[in-house]
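The values are calculated or read from the model by the stated rules, or taken from the named source; none is laboratory data. If you're wondering where the values come from, they're calculated on a predicted model, not measured in any experiment. Glycine also receives a Cβ, built like all others from the backbone with ideal geometry; neighbour counts cover every protein chain displayed.
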Amino acid sequence: MKRILFVAVLLVALTMVAIVPVQAQGETLEIYITGISEDVQNWFREVAFPAFQETHPDVTLEITTGDWGSFDASVAGWITTGSGPDIVYLGSEYAATFGPLLTDMDPYLADWEDLGQFLPSALATATYDGHLRGLPLLMSVRPIFYRTDLFAEGSEVPTTFADALDFYTANSAVEDGAMTRMGFMDIGGQLFDAQEFIAYIQSAGGELYNEDGTSAFDSAETAEALQYMYDRRRIILPTEDTAGLPAITGSAIASGSVVSGIWAMWQMPPLDDPIWENIAIAPYPAGEGENAHQLVQVFTDWLSVPSYVENPELAGDFLKFIGSQENALALSTVAGFTPVRTDAWAEIRANSPVWDTMLGLAEEYGVGFSDIRASAELRPLIVEQVTLFLTDQQSLEDTQTNLKDEYDAILEDGGYLD
């Protein structure tokens, strides 16, 4: 009788444990977001996480970050080996690469009424095989910024490659073998960025892929983009032995030694800084071809849930929390993230002429950075081959040939070609 009573008590105890809410079982939720500053990490720790814990009191939350140089290797390692953070930040081009290894989040997100506030194109970025694999976090609009008060006499914001080269000639300077003024700086603080290269292929009127799925790196538009970036480099950096600018503290656009550039909003001055009165925001210049057009790159980055995550429902709860209108607005202030929620735009546009201009450019000139196949392998290939060309170690013809041949091999090995 005592044994039967003991078993009954044990079963009741186990049942009570089973029905305890998941947040009461002392779980840890680790969120990885690439390239965020210490201030943004502190916002998560001091503001966002305590707010989430009001409804999930026994959940411990951690925020981790890393640099873009290690992004592909880190994320690929976690997702393919089945061990890593519970929520992983992905760029707009990664659903095709990692989709099969991500959790189908439809059971936790599809009925969320707030989904209607997200741009359909943004939700499509976080979708694989017809099912959400996470939730869009931000729409990063990446135009070119110009310090109009530093313009050389007669300079105007350029609209074509040719105009831009004239602009850089007038607004760059080198003295005693060292740069004293840069007419342009890219997002990495240098004179070349792989994503920018892709944008210039597109603004020249080209595409990355032929109709059969093979690479179009042998196109005339790719040649035009490469030549433009080479000519720009040689205007600003006459030789590879030319020394760079002295170290810049704070925002490069506010340094007085950089006239234009491409930066994320978190790299720009605060929106209430008077310097914005002298900053113009514009699309990228266009090439010379019939289909050439100005554009602004738009990146929809998102938070994914890998298939190794043991509690996708908890991950879904956090995604809905961080994707709320309130937090979308907060992240636009703290991190410079452009919300993907349209119900967050009205307040931003009304309160900030800068955001009003940025979102207007996205509407008129925006081109999504997406459908970049085998992106983890493509990025280092572009960096390697284009750098060789830009630094006078390889011809234009050889660069295009190598880009096409090696990328086609990557696409074939990855199953992207029939």
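For segment 394-418, which residues satisfy the criterion of being of a type in the set (Asp, Glu), loosely packed, with under 14 Cβ neighbours inside 10 Å and touching a residue at least 12 places away in the same chain (Cβ under 8 Å)?
Scanning segment 394-418 gives a single hit, 418.
Of all residues in segment 288-331 being surrounded by 22 or more Cβ atoms within 10 Å (Cβ to Cβ) and of a type in the set (Ser, Thr, Tyr), which is nearest to residue 187 (Cα to Cα)?
My answer is 300.
Is it the case that segment 125-141 has a residue that's small (Gly, Ala, Ser), surrounded by fewer than 18 Cβ atoms within 10 Å (Cβ to Cβ), touching a residue at least 24 places away in the same chain (Cβ under 8 Å) and more than 22 Å from residue 32 (Cβ to Cβ)?
Initial filter on segment 125-141 (small (Gly, Ala, Ser)): 126, 130, 134, 140.
Checking which are surrounded by fewer than 18 Cβ atoms within 10 Å (Cβ to Cβ) leaves us with 130.
Narrowing the set further to residues that are touching a residue at least 24 places away in the same chain (Cβ under 8 Å) leaves none.
Checked segment 125-141: no residue is small (Gly, Ala, Ser), surrounded by fewer than 18 Cβ atoms within 10 Å (Cβ to Cβ), touching a residue at least 24 places away in the same chain (Cβ under 8 Å) and more than 22 Å from residue 32 (Cβ to Cβ).
Given the residues 373, 379, which is the only one that is assigned to a helix (DSSP H, G or I), within 18 Å of the chain's Cα centre (by Cα) and not hydrophobic (A, V, I, L, M, F, W, C)?
On the way: 373 fails: assigned to a helix (DSSP H, G or I).
The unique qualifying residue is 379.
List the pairs whose first member sits in segment 370-393 and is surrounded by 15 or more Cβ atoms within 10 Å (Cβ to Cβ) and modelled with pLDDT of 95 or more, whose second member is among the polar types (S, T, N, Q) and not in a loop (DSSP other than H, G, I, E, B), and whose Cβ atoms are under 8 Å apart, counting only residues at least 6 apart or on separate chains?
385/399; 385/402; 386/399; 388/399; 389/399
Just one of (1) modelled with pLDDT of 90 or more; (2) in the same structural domain as residue 100 (by TED's automatic domain parsing) trips up residue 363, so point out which.
Among (1) modelled with pLDDT of 90 or more; (2) in the same structural domain as residue 100 (by TED's automatic domain parsing), residue 363 violates only (1).
Evaluate the following for residue 227: is it surrounded by fewer than 20 Cβ atoms within 10 Å (Cβ to Cβ) and without any contact (Cβ under 8 Å) to a residue 40 or more places away in the chain? It would help to see each step written out before you state the result.
Working: surrounded by fewer than 20 Cβ atoms within 10 Å (Cβ to Cβ): yes; without any contact (Cβ under 8 Å) to a residue 40 or more places away in the chain: no.
Considered against the rule, which asks whether it is surrounded by fewer than 20 Cβ atoms within 10 Å (Cβ to Cβ) and without any contact (Cβ under 8 Å) to a residue 40 or more places away in the chain, residue 227 comes out as no.
So residue 138 ticks every box in (1) part of a strand (DSSP E or B); (2) modelled with pLDDT of 95 or more but one. Which box is left unticked?
Only one criterion is unmet by residue 138, namely (2).
Taking the options 225, 247, name whichever one is among the small types (Gly, Ala, Ser) and assigned to a helix (DSSP H, G or I). Reasoning before the result, please.
On the way: 247 fails: assigned to a helix (DSSP H, G or I).
After ruling out the rest, the residue left standing is 225.
Do any residues in segment 90-102 that are over 16 Å from residue 130 (Cα atoms) have Cβ atoms under 9 Å from those of residues that are of a type in the set (Lys, Arg) and surrounded by 24 or more Cβ atoms within 10 Å (Cβ to Cβ), where the two are at least six apart or on different chains, and which pairs are they?
Sorted first by the residue in segment 90-102, then by its partner, the pairs are 90/133.
How many residues does segment 158-198 contain that are of a type in the set (Phe, Trp, Tyr) and closer than 27 Å to residue 69 by Cβ? Step through it out loud before you land on a result.
First, pick out the residues of segment 158-198 that are of a type in the set (Phe, Trp, Tyr): 161, 167-168, 184, 192, 197.
Imposing the further condition that a residue be closer than 27 Å to residue 69 by Cβ reduces the set to 168, 184, 192, 197.
Residues meeting the conditions: 4.
For segment 280-326, which positions are of a type in the set (Asp, Glu), farther than 14 Å from residue 89 by Cβ and in contact (Cβ under 8 Å) with a residue 40 or more places away in the chain?
Residues of segment 280-326 of a type in the set (Asp, Glu): 288, 290, 301, 310, 313, 317, 326.
From what's left, farther than 14 Å from residue 89 by Cβ: 288, 290, 310, 313, 317, 326.
Within segment 280-326, 288, 290, 313, 317 qualify.
Evaluate the following for residue 201: is it among the aliphatic types (A, V, I, L, M), free of Cβ contacts under 8 Å to residues at least 40 places away in the same chain and in the same structural domain as residue 259 (by TED's automatic domain parsing)? Can you show your working first?
Details: among the aliphatic types (A, V, I, L, M): yes; free of Cβ contacts under 8 Å to residues at least 40 places away in the same chain: yes; in the same structural domain as residue 259 (by TED's automatic domain parsing): yes.
Taking the combined requirement at face value, the residue satisfies it.
Under 6 Å between Cβ atoms, which residue pairs at least 6 apart in sequence (or on different chains) link something in segment 66-82 that is in contact (Cβ under 8 Å) with a residue 60 or more places away in the chain and surrounded by fewer than 16 Cβ atoms within 10 Å (Cβ to Cβ) with a partner that is hydroxyl-bearing (Ser, Thr, Tyr) and part of a helix (DSSP H, G or I)?
none
Could we say that residue 189 is small (Gly, Ala, Ser) and on the phi > 0 side of the Ramachandran plot here? Outline the logic, then answer.
Numbers: small (Gly, Ala, Ser): yes; on the phi > 0 side of the Ramachandran plot: yes.
Taking the combined requirement at face value, the residue satisfies it.
Given the residues 89, 168, which is the only one that is buried (at least 20 other Cβ atoms within 10 Å of the Cβ) and under 23 Å from residue 365 (Cα atoms)? Quick ask: steps written out before the conclusion?
On the way: 89 fails: under 23 Å from residue 365 (Cα atoms).
Every option except 168 fails the conditions.
So which residues in segment 257-275 are more than 20 Å from residue 34 (Cβ to Cβ) and in contact with a helix residue (DSSP H, G or I) (Cβ under 7 Å, 6 or more places away or on another chain), if there are any at all?
Quick first cut of segment 257-275, residues more than 20 Å from residue 34 (Cβ to Cβ) only: 257-261, 269-275.
Listed by number, the residues that qualify are 258, 259, 261, 269, 271, 275.
Please go through segment 150-193 and pick out each residue that is among the polar types (S, T, N, Q) and part of a loop (DSSP other than H, G, I, E, B). If you could, list the steps in order and put the result at the bottom.
Filtering segment 150-193 down to residues among the polar types (S, T, N, Q) leaves 155, 159-160, 169, 171-172, 180, 190.
If the condition is that a residue be among the polar types (S, T, N, Q) and part of a loop (DSSP other than H, G, I, E, B), then 155, 159, 172, 190 are the ones that fit.
Considering every residue within segment 259-267, establish whether at least one is among the small types (Gly, Ala, Ser), buried (at least 19 other Cβ atoms within 10 Å of the Cβ), in the same structural domain as residue 205 (by TED's automatic domain parsing) and at pLDDT 95 or above. Spell out the reasoning first.
The first filter runs over segment 259-267 and keeps only residues among the small types (Gly, Ala, Ser), leaving 260-261, 264.
Now narrow it down to the ones that are buried (at least 19 other Cβ atoms within 10 Å of the Cβ): 260-261.
Keeping just the survivors that are in the same structural domain as residue 205 (by TED's automatic domain parsing) gives 260-261.
After this cut, where a residue has to be at pLDDT 95 or above as well, the list is 260-261.
Yes, some residue in segment 259-267 is among the small types (Gly, Ala, Ser), buried (at least 19 other Cβ atoms within 10 Å of the Cβ), in the same structural domain as residue 205 (by TED's automatic domain parsing) and at pLDDT 95 or above.
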